[in-house]
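A short worksheet on the structure shown next.
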Amino acid sequence: MKNLSTFKEKMKVPMKKLLLLFFLVTALALYPGMAQTTQSIATKKATYSNPLPVQFGDPYVLYTNGSYYMYGTGGGANKGFAAYSSKDLVNWKPEGQVYFHDNTNGWSDPQAGWEGAYWAPEVYEVKGKFYLFYSAQWKENPTKELENFRIGVAVADKPTGPFIDLNKQPIFDPGYPIIDANVFFDTDGKFYLYYSRACYKHPVESEVADLARKKGWYQEIEESWVYGIQIKPDFSGVIGEPVLILQPPTHLSDKQAEWESRSVTSREVNRRWTEGSVTFKKDNIFYIMYSANHFGGANYAIGYATSSSPLGPFKKASNNPILQKNTDKGGLVTGTGHNSIAYSPDGKEMFCVYHGRTAKTGEERVVFVDRMEVKNGKITVFGPTTTPQKLPSGIAKSVSNK
């Protein structure tokens, strides 16, 4: 009896496994779709799809201490800026509002147009501190300008704030409205600030403007231009004078004129934008990515230019635009623009983080993350995508399976 009992005990576990295997094989034979379902679940865990459920315009990503932080325009912030955090660049959790306009040194006007126009925040880590660059309406406005945008800098001890303005005024006043700050840290220790001069009260003569008048579309075409200027290492001000970096093409024969003028030629608005710049350096080449056309329209798109110097001259790339709407090819995405750059957790993959729209999201700008490549002086963005994409490389299993 003892031997028989021992035999039964030894057979309990194998028998359970055999029965489980039998039922699984039977189920798969009767319901072949189960195998596909099982496979799709596994695929889902290993992939992500755009757009991400983050309602930001002008998204900017910071990577620090093994975590990503995303900042942007909107995102539920009330006259300020909100943030999200992530371990893998694709699954984000809200961190709440991290900058408030009424901090001790606040210099903006929340009652001005666009609820103070708190736009395009970017955060940089320098010597253990976190610096937030942003644009907003300046409360010093004696001539009551509708667009009185300037750029400010706020600082915090953590990427989630709270951020407090460094000074009770913008970083500098060039005498015209400016937005979309981007900072480049060169290897020689110099810092550069890039920004966009707003279109406001900036009519520019060009063959596109001539065409608009001839067609009876508009009497004038306003333009925004990207400038660069060296800034002090403590971000207390600028060094020297602004240098013009990029502007829309003057001649219709210019290869860039067609895509950079679509807001005008489609009669969306009498403005041509050059904005949302982001600068980086690779293999001794300086790259500046930028967005053109109306940020609120379908034709918003991204191009880039290259130079051997951080302040130019820059030459626009022949393969522009490198990211644009895909609805004319049967896709779902429009309004792709104002990007930042991020890398996978292991640093091996480069990503373009930008906002866009779909028929489902309507006028709401949402975040897209697509792979990009820089090779032989040429940038390629593999997007916009809405189909499943592989997760960024270097993600731990414990993270990817969440």
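The values are calculated or read from the model by the stated rules, or taken from the named source; none is laboratory data. In this text the structure is predicted, and so the values were computed from the model without any measurement. Glycine gets a Cβ as well: all are built from the backbone with ideal geometry, and neighbour counts include every protein chain shown. Heavy atoms of the whole protein, side chains included, go into the accessibility calculation; ligands, DNA and RNA do not. Shrake-Rupley method; radii C 1.70, N 1.55, O 1.52, S 1.80 Å.
Which one of GLY331, GLY312, GLY362, GLY297 is assigned to a loop (DSSP other than H, G, I, E, B), open to solvent by less than 40 Å² (accessible area, probe 1.4 Å) and without any contact (Cβ under 8 Å) to a residue 12 or more places away in the chain?
GLY362
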>> Suppose we filter segment 89-131 for residues that are assigned to a strand (DSSP E or B) and either at negative phi or aliphatic (A, V, I, L, M) (or both); how many remain?
In response: 19
> Before we move on, is GLU220 open to solvent by 40 Å² or more (accessible area, probe 1.4 Å), of a type in the set (Asp, Glu) and part of a loop (DSSP other than H, G, I, E, B)?
Replying inline: yes
>> Please count how many residues of segment 94-111 are open to solvent by less than 30 Å² (accessible area, probe 1.4 Å) and free of Cβ contacts under 8 Å to residues at least 40 places away in the same chain.
In response: 1
> Being among the charged types (D, E, K, R), surrounded by fewer than 22 Cβ atoms within 10 Å (Cβ to Cβ), modelled with pLDDT of 95 or more and not in a loop (DSSP other than H, G, I, E, B), is that true of even one residue in segment 170-188?
Replying inline: no
> Within segment 223-239, which residues are open to solvent by less than 10 Å² (accessible area, probe 1.4 Å) and either at pLDDT below 95 or over 25 Å from the mean Cα position of the chain (by Cα) (or both)?
Replying inline: GLY237
> Which residue pairs have Cβ atoms closer than 7 Å, lie 6 or more positions apart in sequence or on different chains, and pair a first residue in segment 129-148 that is over 11 Å from ILE178 (Cβ atoms) with a second residue that is part of a loop (DSSP other than H, G, I, E, B) and basic (Lys, Arg)?
Replying inline: PHE130/LYS158
>> Against the definition (within 24 Å of TYR60 (Cβ to Cβ) and not hydrophobic (A, V, I, L, M, F, W, C)), how does LYS282 come out, yes or no?
In response: yes
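Quick one: in segment 68-79, which of the residues that are among the small types (Gly, Ala, Ser) and closer than 21 Å to ALA342 by Cα is surrounded by the most Cβ atoms within 10 Å (Cβ to Cβ)?
Once the filter is applied, the top-ranked residue is GLY72.
Out of all the residues in segment 203-217, which are of a type outside the set (Gly, Ala, Ser) and buried (at least 20 other Cβ atoms within 10 Å of the Cβ)?
Going through segment 203-217, the residues of a type outside the set (Gly, Ala, Ser) turn out to be 203-205, 207-208, 210-211, 213-215, 217.
Listed by number, the list holds a single entry, VAL208.
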> Which of the residues spanning segment 80-93 are touching a helix residue (DSSP H, G or I) at 6+ places or on another chain (Cβ under 8 Å) and crowded, with 19+ Cβ neighbours inside 10 Å?
Replying inline: ASP88
> Residues of segment 42-63 being open to solvent by 90 Å² or more (accessible area, probe 1.4 Å) and either assigned to a loop (DSSP other than H, G, I, E, B) or at pLDDT below 90 (or both), which ones?
Replying inline: LYS44, LYS45, PRO53, GLN55
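Being touching a strand residue (DSSP E or B) at 6+ places or on another chain (Cβ under 6 Å) and part of a loop (DSSP other than H, G, I, E, B) is the requirement here; does ASN141 meet it? Lay out the reasoning, then the answer.
Details: touching a strand residue (DSSP E or B) at 6+ places or on another chain (Cβ under 6 Å): no; part of a loop (DSSP other than H, G, I, E, B): yes.
It is false that ASN141 is touching a strand residue (DSSP E or B) at 6+ places or on another chain (Cβ under 6 Å) and part of a loop (DSSP other than H, G, I, E, B).
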>> Filter segment 315-327 down to the residues that are open to solvent by less than 40 Å² (accessible area, probe 1.4 Å) and part of a loop (DSSP other than H, G, I, E, B) and list them by number.
In response: ALA317, ASN320, PRO321, ILE322, ASN326
